[in-house]
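Please treat every number below as a calculation from the coordinates, not as lab data. Values in this document were obtained by computation on a predicted structure and should not be read as measured data. All Cβ positions, glycine included, derive from the backbone under ideal geometry; neighbour counts span all protein chains shown.
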Amino acid sequence: MRLLKWLGLGAAVWIIYWGVAAWGLRSGLESWFGEQQRQGWQVEHGALQTSGFPSRHVTRIDQVVLADPGTGAAWSADWMEFDSPALWPGSQTLRLPATAQRFSFFDQTRTLQAQEMQAELQLAPGLALELERLALTAKDWQVSKGTEVHWQAQDLTLVLAQQDPATHYQLSASATGFAPSGAFRRMSQLSDTLPQRFDSLQVQASVQFDTPWDRRAIELRRPQPRAIDLQLVEAHWGEMRFKATGQLQVDERGRLTGELTLQAQNWRAILDMAERASLLPPSTRNALEQVLALFAGETGSQERLNTTLSFDQGQIWIGPLPIGTAPTLVIR
C-alpha cells in the first residue's frame, strides 16, 4: 500500500511538472513571437499545441510567417514542430513540412521542398540559448524560383558543431545526387558523357565567426565568418573530379583574402563546355588554357591540374593571371 502511495505521488508530481513545462515552452514561444512583433517584425502563426505526454514535449505551430524588415529576410511554412525530452528542453528536434517553405530576401523569393527535413539542436543552458550542435538532414529536396528548379539532390546532411573558443565551429556537409542549374546545367546538356547529377559532393571546414550562434542570430544579426580553414571540398561529376583545400580570411565587407589549392581532373573538357555555353569568351579561353597547361604540365599529366587560386582585393588570380571577381561572403 505504501508503495502504491509513493507511486501515485510520483505520478502526480510528474503530471504537474510535465504540464508546467509544457506551459512554459508555449509561453516562451508566444513571448518570443510577441517580442519580435514589438521590434517591427511581421509575425503570424496559427494554432500552437503541445503533446507528447508523458516522456516528451512536442509543440506544433501552424501557418508560420516570420519577416525581418531590417534585413529584408522572410520565411514561411505550413507548420513547424519542436520535439524535446521532457527532462531537458535544450535538446530540440525541429521538424519541417514536406510542403513548400518560402524564403525571401527583399524582392528575391525561393521555394524549398524537402522530404523528412529536420534539425537536431543542442543548446547550451542559459538565456542566450547558444548553439552547441546543429545536425540538419533531409531527403529528396529542391530549391526553385517559380517553376524553375535551381538546385536539387537525393539527400542532404549538414553538421555544425561548436569548438573552443565559442566562436569557432566545425562544418561538414554532403549531398548525394546533387543537380545544379544555370551554367552547370547548360554545360551538362552540351556533353554526351556528363550526367545530370553529381556523383558526390562534400565539404569539410572549420569556420571562425565574429560572434557565437545563439538566439541573437535570429533576433539581431547573423554571425559573420572571419576565417575559414577549408579542409576539403570535393565533387565528382562524371569524368570530372574537383578537390580544393586552403585558408581564407574574410573582412567586414565580406571580401576574401588567402589561397586555395585546387586539383581538377579533365580540366580541358570544362573549358570546352564553358566556351560552348557562352560563359567563356574564346579569347579569354585561349589565354587561360595556356596558363593552365603550364600548371598541368608540372603534374606529369595534361589532364590533371594542380594549382593555387589566390584571393586578393576582391579578385581571383591563378599565378599572374586574374580570372574573375571573387564573391563576397556575407550571411544575411
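Take the Cα of E289, step 7 Å toward its Cβ, do the same at V20, and the gap between the two points is 7.6 nm.
Label separation (A12 vs A128): 4.2 nm, computed from points 7 Å beyond Cα along the C-beta direction.
Taking the Cα centre of the range 1-106 as reference, the dipole from Cβ charges on Lys and Arg (+1) and Asp and Glu (-1) amounts to some 520 debye. Only Lys, Arg, Asp and Glu carry charge here, each on its Cβ (+1 for the first two, -1 for the last two); on that basis the chain has a dipole of about 560 debye about its Cα centre.
Counting other Cβ atoms within 10 Å as a rough exposure proxy, the listed residues T109, T245 run T109, T245 from fewest neighbours to most. 3J(HN,Hα) couplings calculated from phi for the range 132-138 with the Karplus curve 6.51 cos²θ - 1.76 cosθ + 1.60 (θ = phi - 60°) are, in sequence order, 8, 7, 10, 10, 9, 10, 7 Hz; Gly and Pro show x. In terms of surrounding Cβ atoms within a 10 Å radius of their Cβ, F53, F198, F33 rank from fewest to most as F53, F33, F198. Ranking G28, S51, A244 by Cα position along the charge dipole of the chain, where only Lys, Arg, Asp and Glu carry charges on their C-beta atoms, puts S51 farthest toward the positive end. On C-alpha positions alone, give me the angle between the axis of helix 2-38 and the longest principal axis of the chain, in degrees, nearest 10. Rounded to the nearest ten degrees, it is 50. How far is helix 267-276 tilted, in degrees, relative to the longest principal axis of the Cα atoms in the chain, given as a value from 0 to 90 rounded to the nearest 10? Value to nearest ten degrees: 90.
Each residue in M117, M80 was given a count of other beta-carbon atoms within 10 angstrom of its own, and listing them fewest first yields M80, M117. Per residue, the chain reaches -7500 deg cm²/dmol at 222 nm when only DSSP H runs of four or more residues are counted, each adding -39500 (n - 2.57).
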